[in-house]
Every structure is written in structure tokens, then in C-alpha cells.
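What follows is a set of notes on a single structure, which appears directly below.
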Amino acid sequence: MPKHLVIVESPAKAKTIGRYLGDDFVVESSVGHIADIPTRVGEVPEAKKAAWKASRFGIDIEDGFTPMYVVSPKSKSVVAGLRKDLKNADSLYLATDEDREGEAIAWHLQEVLKPKVPVHRMVFHEITEKAIKEAVEHPREIDQQIVAAQEARRVLDRLFGYEVSPVLWRKVQRGLSAGRVQSPATRIIVERERERLAFVAAQYAGVAGMFKPVGDETAFEAKLVTVDGERVATGKDFDQAGVPRADRLVLDPNAAVTLADELTAAAFNVVSVERKPYTRRPYAPFRTSTLQQEGGRKLRFGARRTMSAAQRLYEGGFITYMRTDSTNLSGTALSAARSLVAARFGENYLPDKPRFYGKKAKGAQEAHEAIRPAGERFQDPKKVAQSFGAMSDEARLYDLIWKRTVASQMKDAKGESLQLRLGGTAATSGRACEFSATGRTILFAGFLKAYVEDIDDPDAARDDQETHLPELDKGQSLDAVAMDSTVHETKPPARYTEASLVKRLEELGIGRPSTYASIISTIQDRGYVRKHGSALAPTLKAFAVIGLLEQYFGDYVDYDFTALMEQDLDKIAGGEETMAPYLDRFYFGTGGHPGLKDLVSVDALEMIDPREINSFPIGDAADGVAIVARCGQYGPYLVHGEDKASIPEDLPLDELTIERATELLEAPSSDRTLGEDPETGHPVLVKAGRYGPYVQMGERETDSKTKPKTASLFKTMSPETVTLDEALLLLTQPRTVGEHPEDGKPIMAQNGRYGPYVKWDKETRSLEDEQEIFTIDLDAAVALLAQPKKRGGRKAAAPLKEFGDDPNTGKLIVLKNGRFGPYVTDGETNASLRVVDSVDTITHDRAVELLAERRAKGPAKKRKAAPKKAAKKAAKKPAKKKSTKS
């Protein structure tokens with residue numbers, strides 16, 4: 001019987017599809033991308049090394065920006081397995097996702113495997129038996145235009161990242177990165193923080209009264225809106241500088257108290273009653289961005305966590321493809337949703353015709369269907385809960401998708417809004433005052449019966465929220481039950497959350513549905529953004545980087561320019577543009593407009609002043625000397641004359657006031673000079689570091705690549721009491737204990753990441769105590785090295801924190817300190833804290849998110865154990881045989 005090889009991206013997807021295809025099909029996984037542009041020469045095969053040296057970061061610019069591809073080290077065994085499978089196959093089906101990434105993976109598979117059998121491109125939007133069999137019966141060829149668009153995107157990202165990032169290393173801090181989409185996204189967050197820093201809070205007062213009709217006990221609240229016909233100012237009437245509109249009356253607290261007292265005994269009546277019917281249409285089915293937004297609002301999931309759960313639902317055959325900017329539903333889906341509406345809610349909730357939704361996203365391609373439950377009949381959320389667990393991320397997300405899809409095919413919600421105006425005259429001043437109360441009543445719930453969208457504004461009302469007011473007539477008399485003055489302060493614009501950032505990226509046309517989650521993760525992983533609760537706050541590092549990019553690479557962080565680049569890449573996918581000419585204009589410039597190559601030239605870089613870029617004035621201290629925040633190689637710090645102080649990594653910049661900066665500068669520091677080294681004359685200092693206190697010999701000179709010698713303090717030492725002699729002793733590490741009698745090689749004793757140890761050649765053994773670094777003699781060291789290494793002898797350390805159960809596994813999550821830093825674990829999955837996370841501030845929700853993201857990446861690959869060496873014998877080595885000549 002003929003055999004057909006089907007290749008998909010993930011093992012989970014392969015397992016699901018394998019259930020639907022018969023024994024004639026073998027379904028295997030490529031485990032993601034198998035080939036990419038190499039990042040360093042070590043990844044380049046010998047045959048391609050000459051081409052690598054002639055290229056620019058693996059791009060042959062002279063040959064139409066042709067990229068060099070190599071099979072990634074992690075994929076070599078996968079490729080070998082696929083080649084073996086292909087030898088027994090009569091045809092090859094490339095069933096990777098139908099988007100740019102998937103099309104590129106399919107193309108790479110064809111290029112690397114070089115099949116001699118017929119090749120088919122198999123595409124589908126959902127993993128159901130019907131969809132998979134139809135995809136097998138109706139394959140197509142690889143779309144070379146989509147491949148070219150993805151290649152152009154990859155080359156563009158490589159050139160931008162590899163050309164601009166070194167500029168940031170030289171001018172801001174080593175290890176930083178710039179990205180074509182990452183940098184504009186960071187700029188959005190930085191600009192919001194600038195608005196918050198420039199914001200001037202303004203105080204305003206108001207009056208709120210409780211009223212009830214004469215002879216009725218039904219009380220309701222109304223707020224003062226006009227005084228003598230002049231509108232009373234509210235928060236929205238002030239600008240960023242705290243200045244109110246000229247046509248508004250700003251009440252100060254004293255005036256509000258006086259007015260409230262005068263109105264307590266005033267007679268009130270109904271000035272007007274205005275009723276209006278309202279209609280609310282259902283929300284469109286989910287696309288990628290709206291799913292991420294609602295996942296953030298309703299479930300408190302980060303964008304990556306939402307997409308990880310959606311990926312598992314898709315691969316399990318529960319939902320359609322989750323990377324889409326379309327809100328369209330197929331005829332099959334419309335029928336399934338309408339059947340559910342009639343069955344679950346009744347015919348009264350079912351509109352006469354199916355509902356259709358137009359595209360909303362800027363630059364939407366609508367290549368796929370909306371995100372919806374898969375199949376001709378939607379699986380009940382209870383079944384997903386049984387498959388993954390009732391409180392799992394997958395079950396909770398599927399419940400949202402199911403409800404949203406069904407609600408999209410229900411009738412409108414209908415209701416009535418009511419606005420009352422109440423009038424009264426202040427007793428003493430005679431000022432005419434008018435109050436307003438607004439109510440809303442839902443007359444027919446319609447789609448709200450199934451689904452209600454959450455909102456970002458905490459002060460706004462949800463669509464299903466009702467406010468009931470009594471039935472009143474114009475002219476009706478009212479009693480003022482209570483009258484209170486209220487004092488308010490304007491609020492700065494809210495920081496972005498992951499949900500609102502996704503919304504903003506989509507509005508600006510920056511990135512594409514498939515990239516939103518990775519953009520948000522990247523800017524956090526790089527340390528540009530920290531989470532404060534659910535809010536995204538930029539670090540000083542982000543301010544420095546964005547300031548540099550705005551000033552010297554303005555186009556590349558310009559929102560319109562970035563969106564235009566996305567459109568140009570879409571044109572390449574559509575065949576309206578070709579890759580090489582487009583990249584030529586980008587890199588070399590056109591029409592007098594400089595390209596990227598010109599902007600990173602030596603002459604251009606000399607114009608950038610690192611001190612200016614990395615300095616942010618906070619204000620003048622009490623002595624009139626300016627306090628400046630700076631971004632340094634080892635973190636942010638304050639400068640005030642000769643005084644310096646570190647800025648806590650988790651301190652938001654809008655909280656770095658003059659008062660807080662002064663407090664940090666005046667705080668006692670463990671940093672101090674212990675004395676001078678008698679041999680070199682260099683100062684010996686004790687400092688507080690990220691990984692604990694340490695001593696240092698001399699200061700690092702400006703522009704010097706040589707780092708001063710350092711050594712960590714022993715656990716028995718403290719920065720306050722350590723002496724110069726102790727510091728000098730620590731700085732002698734590593735200490736030479738002596739020469740090993742077996743080969744004459746030195747035995748060294750020193751402190752390391754995992755504690756004190758001795759080292760001889762490649763052999764190491766741990767010491768019991770740090771003091772032994774300076775006390776162990778040669779005989780003891782040789783004896784210790786002759787002992788076998790201890791395995792698993794360490795006692796498990798107590799957890800730093802306990803958070804409660806993981807909703808996905810039901811197991812206790814704890815925070816621990818590991819060999820590579822702090823991490824969270826549920827006993828099965830471990831996830832390291834990121835740069836932006838702190839042991840002190842990490843929450844249960846954040847721990848759950850980190851674990852969910854780690855699980856989504858799949859199990860960590862185990863390193864192959866090195867072959868065991870034969871035990872060294874103490875016996876004398878045999879003499880080498882002398883060669884004989886005949």
C-alpha cells in the first residue's frame with residue numbers, strides 16, 4: 001500500500017491529525033522552524049563559511065539581499081528523522097499553518113528534504129475529521145509570494161536588529177536590542193509615561209445629593225451640574241497641565257461645603273425628564289487581538305498565556321486557527337451558532353437572518369475565519385473542561401470563545417435610558433442649582449444573556465449594568481434627604497495593560513495578529529517594561545533607548561512609517577511589490593532620503609552623545625544642585641554633584657520625585673572605601689551588588705574594556721564590618737594550592753556560583769566551608785580530588801514563598817531559589833523569573849502566567865550525558881613505547 005508522509009509543526013497537532021487519517025498516512029512534526037539565518041559563524045557549515053564572511057549578518061546584500069539559511073542545531077535530529085520517513089513515502093503533504101510563518105516552514109522543509117516524490121501543500125483552518133480529509137483531497141502548491149513576504153520580513157528584522165542594536169550597546173548599555181516592531185511598541189509605553197510625568201493634578205469639588213419624591217421612600221442620587229447656568233467642572237474638563245476649560249465653574253472645597261449647607265433646606269422639583277430608547281448590537285466574533293484583550297480583562301491572562309491556551313485548543317481540535325484578523329464566520333459556523341441560540345435561549349433570541357461583521361482592524365487581511373469553536377456542531381464547554389480540567393486555562397478560554405461566538409448570532413439588546421434634571425435655589429446666596437441623575441433599564445437582554453464584554457475604564461459601566469430611577473414627572477416636588485460636598489483630584493492617563501496595548505498596536509497598524517504576544521513578551525524580557533500589577537511601566541533603560549531612536553532613527557519608531565512597512569510587506573505577499581527593490585530602498589535609501597546603512601555609519605554615530613541620551617533631569621535639590629537620573633551599565637542611578645545612589649529597579653519613573661530622589665541619595669549606603677592596596681595604590685571598595693555584597697579593586701575607567709577585579713564576600717562577612725585585610729585576602733582568589741603530583745598541573749581554590757571548590761584541570765570538588773579556600777593544603781586537596789563526585793547530596797532548600805494552587809494542575813505553586821536564580825514551580829514545571837520580575841513583588845497570577853508560558857514551550861530538552869571516563873588509577877603511567885626503525 002502507498003504511504004503518505006504528512007508534516008506539521010507540533011507533536012500535539014500531529015497526534016490530533018493522525019487520529020483522522022488512516023494507516024496509509026504517517027504524520028510527523030518538524031517541531032517548529034527547521035532552518036533560519038545563522039546568528040554566528042559557529043552555526044555555519046564549513047562549505048558556507050566563505051559566503052558567511054562575505055555577507056552582512058548572513059544576508060548577501062549584493063545578490064538581492066539573499067539570506068543564508070542553515071538547519072538549526074536543535075533541528076538536525078528532526079530533519080534526519082524526516083528524511084528517513086520520506087524514503088518510505090510515495091508522496092509528501094506539508095500541513096503547516098496557513099500563514100506567513102507556516103508557508104515559510106513548508107518551503108524550508110521542501111528545500112531541506114529535497115523530496116523526489118510529489119509534494120502537496122495541505123491547508124485547513126480547523127482540525128476536525130471533515131476539514132483534514134477535505135484538505136488532503138484539495139491540496140495546493142506552496143505560495144511563493146507569501147514565502148517571499150516572510151523572507152523579506154525576516155531579512156528586514158535581521159538588518160534592523162543587527163545594525164541598530166550595536167549602536168545601543170555603545171551608547172546606552174551592552175546587551176540591548178532594537179526591533180522593527182518591538183521599538184515602536186516600547187515607544188507607545190514610553191510616551192504614555194511621559195504624559196504621566198508631565199501631568200499636573202488639579203483639585204476640584206462637587207456636590208452630591210440624595211433625593212426622594214414627596215411622600216415616597218425611594219431615594220436616588222443626583223450630582224450638581226450647573227450653578228446659575230454655568231456648568232460645574234469635572235475631571236474631563238481639565239487638560240494635562242491642570243488648567244480647566246474657560247467656560248467651566250471650578251468649585252473649591254470650601255465653596256462646595258458652603259453650597260451643600262445652603263442646599264440642604266432648599267425646595268427641589270423636577271425640571272426635565274428625558275427618555276431615550278437604545279439598542280446595543282452584539283460584539284463581533286473574536287479575532288486574535290480581541291481574544292487577547294478579553295483574555296486579559298476577564299481572565300487576567302497575559303497575551304502570551306492567552307495564545308498558548310488557544311494554541312493547545314486549536315491543536316486539540318476544539319477551536320479554529322487562532323491567528324487571524326477576520327471576524328467572518330463560515331456558513332457551517334453560522335448554522336451551528338444559530339442552532340445553539342434556538343436550543344439554549346429560545347427562538348425569541350434568534351434574529352431572522354445570520355449576522356455578518358465587517359473588518360475593523362487597520363490593514364486586516366481576513367485570510368482566515370474568526371476564532372470560534374471548531375466543527376459543524378460546537379463542542380460543549382463541559383467537554384473541554386473534562387479534557388483539560390475545569391479551571392484550566394484552556395477550559396476558561398474556550399468558554400469565552402463559545403459564548404462570544406454564540407452571542408454574535410443573537411438579537412440586539414434593547415433598553416431605555418433616562419435623564420432627570422432637578423432644580424433648586426440655595427437658601428442664603430440665592431444661586432440657582434441644577435442636579436442631574438442618569439438611569440438605564442434593559443428591556444430585552446438579547447445577546448447580553450450569553451456574553452458581556454469587559455471594559456478597560458474602571459469608571460465606565462458595562463453593557464449589562466442597570467441603574468434604576470423612580471418614575472417622576474416634570475414639575476414634581478422632591479425632598480433633599482442629604483447633601484454632601486465631594487472633593488476630587490484629576491488622574492493622569494492610565495498606563496497600558498497588555499490588553500489595551502494590543503488594542504493600540506492594532507489601531508496603529510503595528511505588527512500583525514501573530515506577533516502581538518511575542519512583541520509584549522519581548523519588551524518585558526529585554527527589561528524595557530515592567531509590570532506593576534497589570535499595568536506596563538517603562539524602565540529608565542526604555543527612556544534612553546527610545547530617546548536615542550527618536551533623535552537619530554526617527555523613521556523607525558514612527559508609527560505611520562512602521563504601519564506603512566507592514567503594508568509594503570503585505571504588498572509583497574500579494575505580488576504587488578518585489579522583495580529586492582524594497583529592501584534596497586530600505587537599506588540604501590532613495591530620493592535623497594537616507595537608508596539604514598547611512599544612519600549607522602561611523603560619522604552618524606559620532607553625533608550621538610551618550611551622556612545626553614542617558615541623562616534625565618529630576619529637578620533641583622534643596623541646595624539648588626540638579627538631581628539627574630542616569631541609565632548606567634549596571635542599572636539606573638541618581639547623580640547629585642559628587643553623590644550617587646542606585647535607583648530601585650521596580651520604582652516607576654513617575655514616582656521618582658525630588659523628594660524620593662533626595663531620600664535615596666541620603667539613605668545610608670553599604671558602599672565604602674576600605675583603604676588602598678599597598679602594592680598598586682588602587683582603592684579597595686566594598687559594594688552592594690545585584691547578587692550580594694562584594695569587594696572591588698579600583699574603579700573602572702571611562703571607555704575602558706578592562707573590568708576591576710572583584711570577589712564576593714563570604715557568608716560570614718558583612719559590608720559594615722569587613723576589613724581591608726579581609727578584602728585583600730578575598731581578592732587573591734583564585735588561590736594556587738600547589739601542583740598535583742600526578743601531572744604537575746596547578747590545583748586552584750576559589751569561590752563560585754555554587755559555593756567554594758577546588759579545581760584541577762577539568763576536575764572540581766566542593767569544599768565544605770568558604771574559609772577552606774585559604775586553609776586547605778595540597779595533601780588535603782589531592783585527597784579530596786581523588787574522591788568520587790557526590791551526586792544529589794544537597795538538601796532541598798525551603799521555598800521562599802507559597803502562592804496557592806495552580807488552576808491548571810491543582811498543585812501548590814512555590815517560589816524557590818535555584819542554581820540559575822529564583823524560579824516558580826508546581827512540582828512538575830519550573831519557570832525562571834524574568835528580568836522584570838522581583839522576588840518581593842511577584843504575585844500568584846504572575847506565577848501562574850510564567851508556568852503556563854513555560855508549559856506552552858514544551859518540555860525542556862535534556863542534555864546528553866557525556867560518556868563516563870575511566871577512573872584514574874594512582875598507579876604509575878606506563879612509559880611511551882619507543883618507535884623502531886627498520
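Please quote Rg/Rh for the range 446-492 to two decimal places, taking the Kirkwood radius as Rh and restricting both calculations to Cα atoms. Here Rg/Rh amounts to 1.11.
Among beta bridges from DSSP that stay inside the chain, the antiparallel ones total about 90%.
Volume per residue for the range 124-255 equals 353 cubic angstrom (convex hull of Cα atoms). With contacts taken as Cα pairs under 8 Å and at least 6 residues apart, the range 488-551 reaches a relative contact order of 31 percent.
Taking the Kirkwood radius as Rh and the Cα radius of gyration as Rg, the range 464-549 has a ratio of Rg/Rh equal to 1.29. Solvent-accessible area of residue 543, all protein chains in place: 20 Å² (probe radius 1.4 Å, heavy atoms, ligands and nucleic acids excluded). In this structure the chain gives 52 Å² per residue of accessible area when probed at 1.4 Å with all protein chains present. Each principal axis of the Cα cloud of the range 237-327 was taken in turn, and the coordinate range along them, longest first, works out to 68, 37, 25 Å.
The spacing between the range 422-493 and the range 7-84, judged by their C-alpha centroids, is 62 Å. Normalised by the number of residues in the range 1-111, the average gap of Cα pairs under 8 Å and 6 or more apart makes the relative contact order 35 percent. Shape analysis of the range 273-421 places it in the prolate category; the axes a ≥ b ≥ c from the Cα gyration tensor give an a/c of at least 1.5, with a/b above b/c.
By per-residue mean of other Cβ atoms within 10 Å, what is the highest-first order of 109-115, 444-450?
Output ranking for 109-115, 444-450: 444-450, 109-115.
Given the pairs 76/816; 76/116; 298/503; 531/801; 403/503, which are separated by over 25 angstrom at their Cα positions? As for pairs spanning more than 25 Å Cα to Cα, those are 76/816. Entry note, the chain: the mean residue ellipticity at 222 nm calculated from DSSP H runs of n ≥ 4, each adding -39500 (n - 2.57), is -9500 deg cm²/dmol after division by the residues and rounding to the nearest 500.
Rounded to the nearest percent, how much of the accessible area of the range 390-506 (1.4 Å probe, protein heavy atoms only) is carbon and sulfur?
45
Highest mean first, the peptides 496-506, 657-667 sorted by other C-beta atoms within 10 Å per residue fall in the order 496-506, 657-667.
Volume of the convex hull of the chain (Cα atoms only), normalised per residue: 270 Å³. Contact order, relative form, for the range 163-303: 15 percent (alpha carbon pairs under 8 Å, 6 or more residues apart, mean separation divided by residue count). Ranked by the mean number of other Cβ atoms within 10 Å of their residues, highest first, the peptides 564-574, 289-299 come out as 289-299, 564-574. For the range 109-150, applying the loop criterion from DSSP together with a ceiling of 13 other beta carbons within 10 Å to the trypsin sites (Lys or Arg not before Pro) yields 116.
The values are calculated or read from the model by the stated rules, or taken from the named source; none is laboratory data. Nothing here was measured: the structure is a model prediction, and the numbers come from that model. A quick note on method: Cβ atoms are made from the backbone with ideal geometry, for glycine too, and the neighbour counts reach across all protein chains shown. For the accessible areas, the whole protein counts, side chains as well, though only heavy atoms, and no ligand, DNA or RNA atoms are used. Shrake-Rupley method; radii C 1.70, N 1.55, O 1.52, S 1.80 Å.
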